[in-house]
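The values are calculated or read from the model by the stated rules, or taken from the named source; none is laboratory data. It should be emphasised that the depicted structure is a prediction, and the values quoted were computed from it without experimental measurement. With ideal geometry, Cβ positions are generated from the backbone for all residues, glycine too; neighbour counts draw on all protein chains shown. Heavy atoms of the whole protein, side chains included, go into the accessibility calculation; ligands, DNA and RNA do not. Shrake-Rupley method; radii C 1.70, N 1.55, O 1.52, S 1.80 Å.
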Amino acid sequence: MSPLVHGLLYGAVVGSVLLTATAWGVWVERKLGARIHTRLGPTMVGPAGLLQPLADALKLLQKETIIPRDADRTLFRIAPPFMAIFSLATAAVVPLAPDLVAADLDVGVLYVLAVSGLMLFPVWVSGWASNNKYALLGAMRAIAQGVSYEVPLVLSALVPVVLAGSMSLSDIVAYQVEHGWFVAWPPGPGLVAFVIFFVASLAEANRIPFDIPEAESELVAGVTTEYSGMKFGFFYLAEYLHTLVSSAVASVLFLGGWHGPFSDGLHWLVLKTLVLFLFVIQLRWTLVRFRADQLMTLAWKWLVPVSLVALMAAAVAVLIMSGGA
């Protein structure tokens, strides 16, 4: 099979699985949030409300697309789909199993960080194109937050790179198969980097407590204020996709990916990803939103310095293990 055909088939299958998992992830979040609040959640559409995501999608597709009179119509239309596209593109280099990966790039970590960082552009474009001051302020907050948390995200992602001596995600998993998961070995830098990576990923996805760009109390809904129908749905599709893919990337970088205690395989990566995804949902219904100053303080005064220390500790650990000290 030619590489082009393989890539297209792989992309179609993985994309379909991710989109389906995202739809049911919304159902899981609504059910879990309802239980935390002592409510029932979706119950009417299908058994236990299981068909609610399908009903929501049909409702969004039927809604009229409204474009503000003075908006930049072209940019207004293309910004939402690109958010979902960038989220899906990140999954191309994630090794799902020992021989199951679309593109095993030598610079896989760099690719993941670069593509995930591109999600800031459609957010800014949508806020600017809406010609709405609330949307523009939400976009500016999103850019400030995204750029700030990209720094600790990159530094924490470099810890597995330094420990494994490779930027290939497959090589990083293979190293953990031989030497142990980075979250536990060597003690210290891997665990700290995992926590920072996870927190920074939440901030990139605008998940609570980092959803200041769409704070309803002062910005109506941020960049989504002027959007309706499926264009509005694309923003939340991208948020859930980004959270799901980030959970998979964190599993690969720090939790051994497809490696498990009994037998290696896709099921271990799926299990680790779902556990992290459920933890993200739990956080949303547990914590409150940060203020803008608290959000920036956390990034620049805490996460950046600690991630630098973790990176230096990883370098020292490699030097010691290699017998250089």
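Let me spell it out: the conditions are (1) of a type in the set (Ser, Thr, Tyr); (2) open to solvent by 50 Å² or more (accessible area, probe 1.4 Å); (3) over 27 Å from residue 23 (Cα atoms), and residue 236 meets all of them except one. Which number is the exception? Only one criterion in (1) of a type in the set (Ser, Thr, Tyr); (2) open to solvent by 50 Å² or more (accessible area, probe 1.4 Å); (3) over 27 Å from residue 23 (Cα atoms) is unmet by residue 236, namely (3).
So that you can scan it fast, the table gives a plain yes or no per residue for (1) without any contact (Cβ under 8 Å) to a residue 12 or more places away in the chain; (2) among the acidic types (Asp, Glu):
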| position | (1), (2) |
| --- | --- |
| 183 | no, no |
| 187 | yes, no |
| 206 | no, no |
| 209 | no, no |
| 238 | no, no |
| 245 | no, no |
| 255 | no, no |
| 258 | no, no |
| 264 | no, yes |
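Determine whether residue 220 is buried (at least 20 other Cβ atoms within 10 Å of the Cβ), β-branched (Val, Ile, Thr) and either within 15 Å of the chain's Cα centre (by Cα) or at positive phi (or both).
Judged against the criteria, residue 220 is not a match.
If the condition is being at pLDDT 90 or above and open to solvent by less than 10 Å² (accessible area, probe 1.4 Å), then the stretch 246-261 contributes 247, 249, 250, 251, 252, 253, 254. Taking every residue in the stretch 271-282 that is open to solvent by less than 20 Å² (accessible area, probe 1.4 Å) and pairing it with any residue that is assigned to a helix (DSSP H, G or I) and among the β-branched types (Val, Ile, Thr), at least 6 positions away or on another chain, the pairs with Cβ-Cβ distances below 6 Å are 280/243.
For the stretch 90-116, which residues satisfy the criterion of being in a helix (DSSP H, G or I) and either among the small types (Gly, Ala, Ser) or open to solvent by 40 Å² or more (accessible area, probe 1.4 Å) (or both)?
Those that are in a helix (DSSP H, G or I) and either among the small types (Gly, Ala, Ser) or open to solvent by 40 Å² or more (accessible area, probe 1.4 Å) (or both): 91, 92, 108, 110, 111, 114, 116.
Residues in the stretch 40-51 that are closer than 20 Å to residue 236 by Cβ and out of contact with any Gly (no Cβ under 7 Å at 6 or more places or on another chain): 45, 50, 51.
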